[in-house]
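First, the structure itself, so that you have it in front of you.
The values are calculated or read from the model by the stated rules, or taken from the named source; none is laboratory data. Everything numeric here is computed off the predicted structure, so don't read it as measured data. FYI the Cβ positions are ideal-geometry reconstructions off the backbone, even for glycines, and counts take in every protein chain you see. Ligands, DNA and RNA are excluded from the accessible area calculation, which covers all protein heavy atoms including side chains. Shrake-Rupley method; radii C 1.70, N 1.55, O 1.52, S 1.80 Å.
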Amino acid sequence: MSFIEGMLLFQVTVPFAPEQASTVAPEVDALYAYLWAITILFSTAITFCIIYFAVRYRRRSPGEVPRPRHGSMLLEVTWTVIPLLISMTIFVWAASIYFKVYRTPKEAMEVYVVGKQWMWKFQHQTGQREINELHVPLGARVKLTMTTEDVIHSLYVPAFRIKMDVVPGRYTQTWFEATKPGRFYLFCTEYCGTNHSGMGGYVEVMEPTEYQTWLAGGAGAESAAAQGQKLFQDRGCASCHTVEQGGAPGRGPNLYGIFGKQQPLQNGQAVTVDESYVRESILNPQAKLAAGYQPLMPTYQGQLTEEQVLQLTAYIRSLGGEQGGAGGAAGGSATPLTGGGPPAQQRSNPIAPTTTREGTGAGGGANSNAGSRPQTPAGAEAAPRP
Ligand code: CUA
């Protein structure tokens, strides 16, 4: 790994690459630079050999017959083993970056993303909704849970080096931690119809204090969970599902604290209650029937938008479930949300769960990017930055 750190230390910048604005960007670029280096090295060596051999072993007289060759085991082994070793370094390095990018962290500020012909809709846990713009704080991990209303799209933020498809009927996730304030272009990279090329926007990375101001500016916006609670009442969910701690189950299971737990199913199997299971249970309730209940629930297919499904999911998450991190909905608060109030604000305090611990710990872990700025300590986001 020290070689990788070395490459990072030199802050290898690949020409033609977009600016680096996330924690993974320098790592992706270092790998890319390594591929460039190998390619250039071998292209040069091979070109040189071609020219050299063409001159050195050219036919000197018309009747010349070369001496027969019988091969060399040593040569064969050498030119098999060396490329194998080189390819394995690429594989191992690339795989480690892949897992870092595609395994989402547990503790992160969450944003729901819905793709639609032809726009990107973003929904913050605190209720703010945006179209083709996403405001995020600097130095916080942001996890995107994404789906689409219609066809497959793909969200790409070049400066962050992240790209993830959004697929109908499914949630995909990706994450990033921005390391620079500014506006960074995002766009759709999956051909999705007439205005595919116009399906773009910006991620606006703000200083944490500015971000708080921005959030406050959206005052009056109800949190995603509060909007979900409203839907829960309006659509009659409450007539079959109880949501209080210890409440007796109605025709459907009590939803208090259910999120993140294992749910036994009628067929003897079990499923973890996550975004995908909640969504499926709303749109196709009979697919994975909870053990001990009748298949009475009607489908809500076609009656709820993907955004509303996400709001309902946020509400169910907020029902005193197991919520460890700040990324979780309504951490700790056992009472169901009532307004669009403070719990939501506290919950998605986006500044807390970031690289702070590593930074104050053993002098920066392997992950801390070179030249990183001092992190705002948790809870001190109101203090002016030096
Ligand atoms: Cu959406 Cu292309």
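Of the listed pairs K116/K163; K163/K261; K106/K163; K121/K230; K163/K230; K143/K180, which have alpha-carbon separations greater than 28 Å here?
K163/K261; K163/K230
Would you mind checking which residues have amide H under 5 Å from Q263's amide H? H placed 1.01 Å from N; only 5 or more apart, or other chain.
Result for Q263 returns V271, T272, V273.
Kindly state, as a whole number, the per residue volume in cubic angstrom of the convex hull around the alpha carbon atoms of the range 32-124.
Cα-based convex hull of the range 32-124, divided per residue, equals 210 Å³.
What's the whole-number percent of alpha carbon pairs in the range 207-274 lying beyond 17 angstrom?
Considering the range 207-274, 61 percent of its Cα-Cα pairs are separated by more than 17 Å.
M297 accessible area, nearest 10 Å², 1.4 Å probe?
60 Å²
If you rank E107, E204 by how much accessible surface each has, with a 1.4 Å probe, what is the order from largest down?
Correct descending sequence by accessible area is E107, E204.
When the C-alpha atoms of the range 174-307 are aligned to their principal axes, what extent does each axis show, in angstrom, from largest down?
The principal-axis extents, from largest down, are 52, 37, 27 Å.
For L35 and S197, what is the calculated FRET efficiency with R₀ set at 25 Å and r taken between the beta-carbons, to the nearest 0.05?
0.30
Any idea of W93's accessible area? Nearest 10 Å², probe 1.4 Å.
It works out to around 20 Å².
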